[in-house]
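The values are calculated or read from the model by the stated rules, or taken from the named source; none is laboratory data. Model, not experiment: these values are computed from the prediction. Cβ: placed from backbone, ideal geometry, glycine included. Neighbour counts: every protein chain shown. Quick note on the areas: whole protein, heavy atoms, side chains included, nothing else; ligands and nucleic acids left out. Shrake-Rupley method; radii C 1.70, N 1.55, O 1.52, S 1.80 Å.
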Amino acid sequence: MVDYKSSPQVLEHLQKSLAWTVFDTKWIPGTSSFVAAGAYARGTGALHVYELGDQELTTVEEKEVRPASIKCCTLGASSLRDPHVATGDFEGKLEIYDLDTMKSTFTVKSAHGAIINCIDGIGGSLRGYGAPEICTGGRDGRVCVWDPRQKDVPVAVFEPKAQQDPGDDDLDKGKAPKPVRDCWTVGFGNSYNDEERCVVAGYDSGDVKIFDLKMNRVRWEGNVGNGVCGVEFDRKEIEMNKFVVACLESKFHVFDARTQHATKGFASAVQEYKTTPSFIAMQNAEEEAKKKEAESASATTVWGVKHLPQNRELMMLLGGDGALNLYKYHYPDQRRVKDDGGEDVGVAGTIELLSTKSMSSQPICSFDWSPDKQGLCCMGSFDQCIRVGFVTKLNKV
């Protein structure tokens, strides 16, 4: 049970209705502005920059991108002095825009064979190591790593296993090859020096893979049983500590990445995402029975996860029910123990729900913390609204 008097509270500060669908929102470091990307009704891309005003969100820049809608964006490879946003669209094009001029500075027309579902960047902040890089995942199942200084050719490509050629027996029986599984989400991590760097990727089949960019191989892979909608390391610029996997069917997993067993892999804790009553259910709930029925609603999608920049043990989960859930991870007394063979095995911790807040009648599809102001956040939802919120009492958790 959440103690609302002493726990952090998620508050809505500003809201703005849009004439287009937003798919991604990212805060611009060192500013009071954020980027929102998505799709106009005519199928073209929308790229807007908004700034916090006294009582409303002010549109600073806006650009219509042709020919396709924008699915995802990142500022992870952007510098503070020269902010750039990298975008992936529905036709598989990767493009980088200068936020001061809104002009394209880097384009790969066929980065993927189909829609780019996800994107992440690294190397642009003052902290961390290594060159700026961008990672993309697409419907073609490929995970590609790009260097903005090198056009057209990715620096690393991880191809899907699927689409295996059927054997002679299968051909005789008329069996088709297995379809390629979509890569739904990617995230950088383990970049604690100039040589080490990893990418974690999640797929619609429930597969989760960690790719070692130094060795150019799969470092670990597993399956969580449901499609993976979001993955994130708690910190990109440190040695792998833990990462979170958000899934369909109201589930998310926290993996302890400090100890990898040869056969058991990483220890993990599984948590059921707590759903909240929808706005409609609350309005119509005249009796206590109806309220209980709304609270025990069917499983919802967990659209993503974002760790608080100032405290890596706190994470915000985005709900398909339009709610935000704030969780805290607690480490066990011992993070590793010896198994029967004398090898180290990781021990998973526990997860505590700190706060929950219903923000929209539609799924929260994107969320980002401000790297400068603790608790300040921006988000987008499928009710064609962007919101700026604030989470209180984070320094007391």
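Net charge around Thr185, counting only other residues with Cβ within less than 9 Å of its Cβ (Lys, Arg = +1; Asp, Glu = -1)?
Net of charged neighbours comes to -2.
Ignoring ligands, DNA and RNA, please state the percent of accessible area on segment 100-154 from carbon and sulfur, probe 1.4 Å.
On the way: 1220 of 2530 Å².
The C+S portion of the solvent-accessible surface of segment 100-154 is 48 percent.
Out of Ala269, Ala201, Ala111, any idea which swings most in a Gaussian network model of the chain, alpha carbons joined below 10 Å?
Result for the chain, Cα springs under 10 Å: Ala269 fluctuates most.
List the trypsin sites (Lys or Arg not before Pro) in segment 3-96 that DSSP assigns to loop (not H, G, I, E or B) and whose Cβ has at most 16 other Cβ atoms within 10 Å. Which are they?
Sparse-neighbourhood loop trypsin sites (Lys or Arg not before Pro): Lys5, Arg42, Arg81.
Taking 7 Å along the Cα-to-C-beta vector as the label spot, tell me the Arg217-Val347 distance in nanometres, rounded to one decimal.
A separation of 3.1 nm, rounded to one decimal place.
Just to confirm the filter: which GluC sites (Glu not before Pro) across segment 297-392 are DSSP coil and have at most 16 other Cβ within 10 angstrom of their Cβ?
Glu343
What are the aspartates and glutamates whose alpha-carbon lies under 20 Å from the alpha-carbon of Lys178, with same-chain residues fewer than 8 places away excluded?
By straight Cα distance, Lys178 reaches Asp140, Glu159, Asp165, Asp168, Asp169, Asp170, Asp204, Asp207, Glu221.
Taking only protein heavy atoms into account and a 1.4 Å probe, give the accessible area per residue of the chain in Å².
Values: 18310 Å² over 397 residues.
Each residue of the chain exposes 46 Å² on average to a 1.4 Å probe.
Net charge around Val143, counting only other residues with Cβ within less than 9 Å of its Cβ (Lys, Arg = +1; Asp, Glu = -1)?
Local net charge: +1.
So what are the three principal axis dimensions of the chain from its Cα atoms, in whole Å, longest to shortest?
Result for the chain: principal-axis Cα extents of 63, 56, 49 Å.
With the Cα gyration tensor of segment 179-241 giving a ≥ b ≥ c as the square roots of its eigenvalues, does the rule (a/c under 1.5 for rounded; else a/b larger than b/c for prolate; else oblate) give rounded, prolate or oblate? Provide the component values of the computation, followed by the final result.
Values: a/c = 2.58, a/b = 1.79, b/c = 1.44.
Verdict is prolate for segment 179-241.
Restricting to DSSP H runs of at least four residues, report the calculated mean residue ellipticity at 222 nm for the chain, -39500 (n - 2.57) per run over all residues, nearest 500 deg cm²/dmol.
-1000 deg cm²/dmol
Just flag the chymotrypsin sites (Phe, Trp or Tyr not before Pro) in segment 1-97 sitting in loop per DSSP whose Cβ has no more than 11 other Cβ atoms within 10 Å.
Of the chymotrypsin sites (Phe, Trp or Tyr not before Pro), the ones in loops of segment 1-97 whose Cβ has at most 11 other Cβ atoms within 10 Å are Tyr4.
Rg and Dmax of segment 17-82, using alpha carbons, in Å: what are they?
12.2, 35
If Lys and Arg each add +1 and Asp and Glu each add -1, what is the summed charge of the other residues whose beta carbon sits under 12 Å from the beta carbon of Asn117?
Local charge sum for Asn117: -2.
For the residue pair Arg258 and Lys161, what label-to-label distance in nm results when each label sits 7 Å from Cα along the Cα-to-beta-carbon direction?
Once both label points are built, they end up 3.0 nm from each other.
How would segment 46-151 be classified by its alpha-carbon gyration tensor: rounded, prolate or oblate, with rounded meaning a/c under 1.5 and the a/b versus b/c comparison settling the rest?
It comes out oblate by the Cα gyration axes.
Run the numbers for Lys16 and Ala131: contour at 0.36 nm per residue of separation, minus the present Cα-Cα distance, in nm.
Details: separation 115, 0.36 × 115 = 41.40 nm, distance 3.63 nm.
Residue separation times 0.36 nm, minus the Cα-Cα distance, leaves 37.8 nm.
At R0 = 45 Å, how high is the FRET efficiency between His330 and Asp54 if r is their beta carbon distance? Nearest 0.05 is fine.
0.70
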